[in-house]
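Student: Questions regarding the structure given below will be posed in turn.
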Amino acid sequence: IYILGIETSCDETAASIVKNGTEIISNVVASQITSQKRFGGVVPEIASRHHVEQITLVIEEALAIAELEPADLDAVAVTEGPGLVGALLIGVNAAKAFAFANGLPIIGVHHIAGHIYANQLMQPMEFPLLALIVSGGHTELVIMEGHGSFKLVGETRDDAAGEAYDKVARVLGLPYPGGPQIDKLAAESDGQVEFPRAWLEPGSYDFSFSGLKSSVINYKHNLAQRGEAVNPSHVAAGFQASVVEVLTTKALRAAKEFGVKQVIAAGGVAANKGLRSSLEETFKKEEIPFYVPPIILCTDNAAMIAAAGSAMFIDGIRGNLAMNGKPGMSLVSWKQ
Ligand code: ATP
Ligand code: MG
Ligand code: FE
C-alpha cells in the first residue's frame, strides 16, 4: 500500500509517500526557517502564506520523486492537529482536494502520533513500548500496548522541552530555532553553569521547564548587575545537562515500571546530540532496546504522517471530506 502524507502544522510544508507503512519512497520538506528567522520565531500568518505557496509544489515533487501517479496511491494522510489553525487548514484542504479529485480515502493524523510513528520507518515497533516525545510543543511519556493505543503517563506542566530550548536561546541572543544552536554550543563547551533539576513530586512522570528557564534568565541578570557578561557555551551546557538528566532519568524509571520491550524517542528535541547519547548510553547499560530516528525524521516531516496514516489505514480508520484542522487536538487511541 502507498500512502501520501501531508504535514503543515507549523512551519514545515511537507509531503511524502510511504510504502506499507515502513518504507520511505519520497520525503519532501520545504522549511521556512530562513524567513521565520528574521522574526525570531514562527509568525502564524507568514507560516500560512508559505504553506499556500509551497503545498502544491511539494505534493507534486513527492509524487515525481516516487515516480508514482495519484492512481497508484491507496489513501491520503494529513496532519489534522494540533498546530497553528491557519497552517493546518492549508494541509487539510490540500489533502481533501487531492483525495476528492483522485477518489482516494482521507485519514486525519495526530501530529504526535506522527512523531511516534517516525520510528516505524526505521524498525518495527515492539509492545509494550515507551515513547519519549520531546518537541516544540510537547514533552510527554506515552505507553503503547499495541498499534494505535496511547496512554499518557507524564507530560510537561508548563513549557515543552523545545520551547525551553528556543526561549533560552533567545536569552543568549542566538538565532531561531534555538535548539540546534544550544546543542552545538553545549557540545563544544569547556565548562558548565550549574542549574537546578525539576524532579517534581517523588514518583511523578511530569516535567517542568519554566523554572529552569527562569534560572537562566536570573543568572544572566545577576551577572549583568555585576557588569559581567555570560559565557553562552557554559550556560548552554548547563541548561542542556539539566534537561537531558531529567528526561533520561524519568524515561528510564517509566521503562522499568511499565516493563516495556522497547523505548523510542520522538520529536524535534530528539535531534539533540546530548539527549541522544545520554538515552543511548543509559538504555544500553540497562539492556532495554532504545531507538531514535535520524534527525531528518525527528523534526517535522510528512513521512511520519504517512507512517502513522498507514497504521490507521490498516486498522480500517477513514476520515471524510468534512475534516477540519483541529488546533487543540488531543492524542486519543484509535484502537484499544
Ligand atoms: P510539536 O511537534 O510539539 O507540535 P513542533 O512541530 O513545532 O511542535 P518539532 O518540529 O517537532 O516541533 O521540533 C521543533 C523543536 O525542536 C524546536 O523547539 C527546536 O528548537 C527543537 N530542536 C530541533 N533540533 C534540536 C536540537 N538539536 N537540540 C535541541 N532542540 C532541537
Ligand atoms: Mg518546525
Ligand atoms: Fe512536530
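Student: Using only the Cα atoms, work out Rg/Rh for segment 48-176, with Rh taken as the Kirkwood radius, to two decimals. Let's see the in-between values first.
Tutor: Working: Rg = 17.5 Å, Rh = 17.1 Å.
Using Cα coordinates only, the ratio equals 1.02.
Student: Within segment 281-336, report the trypsin sites (Lys or Arg not before Pro) that DSSP leaves as loop and that have at most 13 other Cβ atoms within 10 Å. Don't jump to the answer; show the numbers that get you there.
Tutor: Numbers: sites: Lys284, Lys285, Arg318, Lys335; in loops: Arg318, Lys335.
For trypsin sites (Lys or Arg not before Pro) across segment 281-336 that sit outside H, G, I, E and B with at most 13 neighbouring Cβ atoms in 10 Å, the list reads Arg318.
Student: Tell me the angle of helix 44-66 to the major Cα principal axis of the chain, expressed in degrees between 0 and 90 and rounded to the nearest ten.
Tutor: Roughly 60 degrees, rounded to the nearest 10.
Student: How large is the Kirkwood hydrodynamic radius of segment 194-336, in angstrom, based on all distinct alpha carbon pairs?
Tutor: Final number for the Kirkwood radius of segment 194-336 is 18.4 Å.
Student: Once every DSSP H run of n ≥ 4 in the chain is given -39500 (n - 2.57) and the sum is divided by its residues, what mean residue ellipticity at 222 nm do you get, rounded to the nearest 500 deg cm²/dmol?
Tutor: Working: 11 runs with 146 residues, N = 336.
That comes out to -14000 deg cm²/dmol.
Student: Then there is this: Farthest toward the dipole's positive end in segment 28-156, which of Thr79, Gly137, Ile90, given Cβ charges of +1 (Lys, Arg) and -1 (Asp, Glu) about the Cα centre?
Tutor: Gly137
Student: Kindly express, to the nearest 10 degrees and within the range 0 to 90, the angle between helix 273-285's C-alpha long axis and the longest C-alpha principal axis of the chain.
Tutor: 90 degrees
Student: In segment 181-223, what trypsin sites (Lys or Arg not before Pro) fall in a loop by DSSP, with at most 15 other Cβ atoms inside 10 Å? Before the final figure, lay out each step's value.
Tutor: On the way: sites: Lys184, Arg197, Lys213, Lys220; in loops: Arg197.
Counting only loop positions with at most 15 other Cβ atoms within 10 Å, the trypsin sites (Lys or Arg not before Pro) in segment 181-223 are Arg197.
Student: Counting just the Cα atoms, what span does segment 179-236 cover along each of its three principal axes? Round to the nearest Å and put the largest first.
Tutor: 40, 27, 17
Student: Any idea what log10 I(q)/I(0) is at q = 0.22 Å⁻¹ for segment 95-150, Debye with uniform C-alpha scatterers and no solvent?
Tutor: -0.87
Student: Among Met125, Met304, what is the fewest-to-most ranking by other Cβ atoms within 10 Å? Intermediate values should be presented prior to the final figure.
Tutor: Details: Met125 19, Met304 36.
Lowest count first: Met125, Met304.
Student: Let me ask you something else. Among Ala66, Pro44, Gln32, pick out the residue whose Cα is farthest towards the positive end of the charge dipole of segment 15-102, where Lys and Arg carry +1 and Asp and Glu carry -1 on C-beta, about the Cα centre.
Tutor: Of the options given, the answer is Pro44.
Student: In addition: What's the center-to-center distance, using Cα atoms, between segment 86-156 and segment 206-276 in Å?
Tutor: 25 Å
Student: Where does helix 161-171 land angle-wise versus the long Cα axis of the chain, in degrees 0 to 90, nearest 10?
Tutor: 50 degrees
Student: Still on this structure, please answer the following. When DSSP beta bridges are limited to those with both residues in segment 25-169, what percentage is antiparallel, rounded to the nearest 5? Please report the intermediate quantities before stating the final value.
Tutor: On the way: 10 of 15 bridges.
In segment 25-169, approximately 65 percent of DSSP beta bridges are antiparallel ones.
Student: Nearest 20 debye, what's the magnitude of the dipole of segment 189-318 about its Cα centre given +1 on Lys and Arg Cβ and -1 on Asp and Glu Cβ? The partial results should precede the final answer.
Tutor: On the way: 13 positive and 13 negative charges, 19 e Å.
Here the size comes out at about 100 debye.
Student: Starting from the exponent 0.38 and prefactor 2.2 Å, build the expected Rg for the chain from its residue count and divide its actual Cα Rg by it.
Tutor: Numbers: Rg = 20.0 Å, N = 336, 2.2 N^0.38 = 20.1 Å.
Against the empirical 2.2 N^0.38 Å value, I get 1.00 for the chain.
Student: Let me ask something else about it. Looking at segment 214-295, which GluC sites (Glu not before Pro) are in a loop (DSSP not H, G, I, E or B) and have at most 15 other Cβ atoms within 10 Å?
Tutor: Details: sites: Glu228, Glu245, Glu257, Glu280, Glu281, Glu286, Glu287; in loops: Glu228, Glu286, Glu287.
Within segment 214-295, the qualifying GluC sites (Glu not before Pro) (loop, at most 15 other Cβ atoms within 10 Å) are Glu228, Glu286, Glu287.
Student: Report the charge-dipole magnitude of the chain in Debye, nearest 20, computed about the Cα centre from +1 at each Lys and Arg Cβ and -1 at each Asp and Glu Cβ.
Tutor: Taking the Cα centre of the chain as origin, the dipole is about 620 debye.
Student: Rounded to the nearest 20 Debye, what is the dipole magnitude of segment 130-247 about its Cα centre when Lys and Arg each give +1 and Asp and Glu each give -1 at the C-beta?
Tutor: Values: 9 positive and 15 negative charges, 65 e Å.
Here the size comes out at about 320 debye.
Just so you know, all these numbers are worked out from the coordinates, no wet-lab data involved. For clarity, every value in this text was computed on a predicted model and none was experimentally measured. Neighbour counts are summed over all protein chains in view; Cβ atoms, including those assigned to glycine, are modelled from backbone coordinates with ideal geometry.
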